[in-house]
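Written out below as structure tokens is the structure these notes cover.
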Amino acid sequence: MVAVGAVAAAILLRTALELVGDFYYLPMVPAVVATAAVAGRWATALAIVLSIAANVLHVDRASVLDAAVNAALFTLVTWLIAELCWSLRAYRQRAGELSHRLAHREEMLETILASMPVVVLDRGGKIRFLTPFACDLLGIAEPDAIGRPFGSIVDDFDLADFQSEGEALAADGDRAWTCRRAGGTVPLSIQAGFLPGDYPNSHAVLCLADLTAAHLADERARDLHTQLNRVWRLNSLGEMAASLAHELNQPLSAAATYLEASQMDVEKAGLMGKSAARTIDLAKAQLLRAGSIIRRMRELLAHESRSLGVERVSSMMEGLKSVFGMIERNGEVRVEVSLDDTTDHVRAERIQFQQAMVNLVRNAAEAVSDRPDARVAIMGRAVSDELYEVRVEDNGPGIPAHELETIFRPLMTTKSGGMGLGLSVTRTIVESHGGLLKVEDSDLGGAAFSFTLMREQELEEA
């Protein structure tokens, strides 16, 4: 339609121009150009064919050769012009797309800058630009900050030292800078980037981060770690007391038996042995009393009741995230957690469960401490409608077969300086939750400790 309309308009224009002179193909050129400017190649070719046909029908030529030569020249010239039109259209389209992308990128950069504390420094370390978030973080108004040395706001900051050690400082995530502002100080993390060009007013771009929340999280992690250690020591003392009660009860019973036999022999001596018999009887009574006390303590420890509430395994593990982070940093080990949190409602005592998990993870981290690719994996999933299984695996050397029988016994340890109560206490905690602590070979190459917890669904049915 565009081609036909343009050629028709060109024919009318040529008819009008013939009143003042002879025009052949020249009035038809705008028709082809107009078609090429708004349409594609097929429409342009149609416009050229229609223009040639109109000229052949309305203009008398000296010969067929003359008509063919003029038609060929018209076709060549108009097609070249059409190619230029298409190229300009393509460039214009690409320029529009580029302009749109640049505008979108500029909007993104403005949004990022508006939502982040960013400071731009010149080569002298003076502030040339800062975002509103940076003003809030540094506790200073923008007019007061512009032109002020950044080191006067942040203690010990020197741009020259920062630039010379930039990579090391950027990689040191524990490095904290202190910002002094009205009302106190704020710990900061600073990441810097340096512009490659020679710009006098824009040399370094600093991204700031408030570490107050991170420091509070670390403090809470240390408090939790201290609390878990305190509970662990109490449980370890209980386990040791139970073991001593079991071990001492037998020699006390044997001593009482020997005293009773001695008393019978002394009574055979008549009046001379009565005094000694009474003394032996008193000693036997004290041994029996001691045995009774130990027996009651052992029963108390063995039948300790724990208050189990409804907990989510994912929530209890989330509370240990900071503790696991400390284990990762101290042992240079990667701790991976993979839990099915859709069916993880279980009955558990939160602190006791966390205590058992910390002990298993710490043991696994110690087992892989000498490996460059040290890895500890924590997995949790529902294995049935009644049970939820938790596994702790590592890629360490594993546990020798001859130690599997004694690994859970109290006071049995393979560590120098260990008391041999860690796994024993962990087993006691697991059993108090109605589970069984098991050990087997891990697919990672090391050991895998696993136990089950009762799901809430089963307890409701019970």
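The values are calculated or read from the model by the stated rules, or taken from the named source; none is laboratory data. What you see is a predicted model, and the numbers here were worked out from it, not measured in a lab. When we count neighbours, we look across all protein chains shown, and the Cβ atoms used for this are built from the backbone with ideal geometry, even at glycine. Ligands, DNA and RNA are stripped out before the accessible areas are found, and what is left, the full protein with its side chains, is counted by its heavy atoms. Shrake-Rupley method; radii C 1.70, N 1.55, O 1.52, S 1.80 Å.
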- [ ] Only residues that are assigned to a strand (DSSP E or B) and surrounded by 15 or more Cβ atoms within 10 Å (Cβ to Cβ): list them for segment 439-452, please.
- [x] Val439, Ala447, Ala448, Phe449, Ser450, Phe451, Thr452
- [ ] State whether the residues of segment 182-190 include one that is open to solvent by 70 Å² or more (accessible area, probe 1.4 Å), out of contact with any Lys or Arg (no Cβ under 8 Å at 6 or more places or on another chain), modelled with pLDDT under 85 and aliphatic (A, V, I, L, M).
- [x] yes
- [ ] For residues that are hydrophobic (A, V, I, L, M, F, W, C) and over 20 Å from the mean Cα position of the chain (by Cα), tally how many sit in segment 189-227.
- [x] 10
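Could you identify the single residue in Leu137, Leu121 that is touching a strand residue (DSSP E or B) at 6+ places or on another chain (Cβ under 7 Å) and either at pLDDT below 85 or over 15 Å from Val205 (Cα atoms) (or both)?
Working: Leu121 fails: either at pLDDT below 85 or over 15 Å from Val205 (Cα atoms) (or both).
So the residue among Leu137, Leu121 that is touching a strand residue (DSSP E or B) at 6+ places or on another chain (Cβ under 7 Å) and either at pLDDT below 85 or over 15 Å from Val205 (Cα atoms) (or both) is Leu137.
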TODO: Please identify the pairs in which a residue from segment 132-146 that is over 13 Å from Gly183 (Cα atoms) has its Cβ atom under 7 Å from the Cβ atom of a residue that is among the charged types (D, E, K, R), counting only partners at least 6 apart or on another chain.
DONE: Cys135/Glu142; Ile146/Arg128
- [ ] Would you check if there is a residue in segment 408-416 being in a helix (DSSP H, G or I) and either at pLDDT below 75 or under 25 Å from Arg334 (Cα atoms) (or both)?
- [x] no
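Out of Leu320, Leu308, Leu282, which single residue is closer than 25 Å to Leu216 by Cα and at pLDDT below 85?
Working: Leu308 fails: closer than 25 Å to Leu216 by Cα; Leu282 fails: closer than 25 Å to Leu216 by Cα.
When all the criteria are applied, what remains is Leu320.
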Open item on the list: Would you confirm whether or not segment 288-300 contains a residue that is at pLDDT below 70, of a type in the set (Val, Ile, Thr) and either surrounded by 13 or more Cβ atoms within 10 Å (Cβ to Cβ) or within 55 Å of the chain's Cα centre (by Cα) (or both)?
Closed with: yes
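Here is a yes/no grid of residues against (1) farther than 16 Å from Gly380 by Cα; (2) in a loop (DSSP other than H, G, I, E, B):
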residue	(1), (2)
Val310	yes, no
Ile327	yes, no
Val337	no, no
Thr343	no, yes
Val346	no, no
Phe353	no, no
Met357	no, no
Arg362	yes, no
Open item on the list: Whether any residue in segment 233-244 is aliphatic (A, V, I, L, M), surrounded by 16 or more Cβ atoms within 10 Å (Cβ to Cβ) and at pLDDT below 70 is what I want to check.
Closed with: yes
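Does Ala356 qualify as being under 15 Å from His225 (Cβ atoms), aliphatic (A, V, I, L, M) and more than 16 Å from the chain's Cα centre (by Cα)? Walk me through it before giving the result.
Values: under 15 Å from His225 (Cβ atoms): yes; aliphatic (A, V, I, L, M): yes; more than 16 Å from the chain's Cα centre (by Cα): yes.
For Ala356, the condition - under 15 Å from His225 (Cβ atoms), aliphatic (A, V, I, L, M) and more than 16 Å from the chain's Cα centre (by Cα) - is met.
Could you please give the count of residues in segment 56-78 that are touching a helix residue (DSSP H, G or I) at 6+ places or on another chain (Cβ under 7 Å) and either open to solvent by 50 Å² or more (accessible area, probe 1.4 Å) or of a type in the set (S, T, N, Q) (or both)? Outline the logic, then answer.
First pass over segment 56-78, keeping only residues touching a helix residue (DSSP H, G or I) at 6+ places or on another chain (Cβ under 7 Å): 56, 61, 67, 71, 74-75, 78.
Among the residues that remain, those that are also either open to solvent by 50 Å² or more (accessible area, probe 1.4 Å) or of a type in the set (S, T, N, Q) (or both) are: 56, 61, 75, 78.
The qualifying residues number 4.
Going by what's in this entry, would Leu88 be described as of a type outside the set (Asp, Glu), at pLDDT 85 or above and either open to solvent by 70 Å² or more (accessible area, probe 1.4 Å) or over 30 Å from Arg41 (Cα atoms) (or both)?
For Leu88, the condition - of a type outside the set (Asp, Glu), at pLDDT 85 or above and either open to solvent by 70 Å² or more (accessible area, probe 1.4 Å) or over 30 Å from Arg41 (Cα atoms) (or both) - is met.
Which one of Ala204, Ala145, Ala176 is more than 19 Å from Arg123 (Cα to Cα), open to solvent by less than 60 Å² (accessible area, probe 1.4 Å) and modelled with pLDDT of 75 or more? Explain how you work it out, then say what you get.
Details: Ala204 fails: more than 19 Å from Arg123 (Cα to Cα); Ala145 fails: more than 19 Å from Arg123 (Cα to Cα).
Of the residues listed, the single one that is more than 19 Å from Arg123 (Cα to Cα), open to solvent by less than 60 Å² (accessible area, probe 1.4 Å) and modelled with pLDDT of 75 or more is Ala176.
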- [ ] Identify the residue in segment 16-55 that is more than 22 Å from Ser87 (Cβ to Cβ) and open to solvent by 80 Å² or more (accessible area, probe 1.4 Å) and, among all such residues, is modelled with the lowest pLDDT.
- [x] Asp22
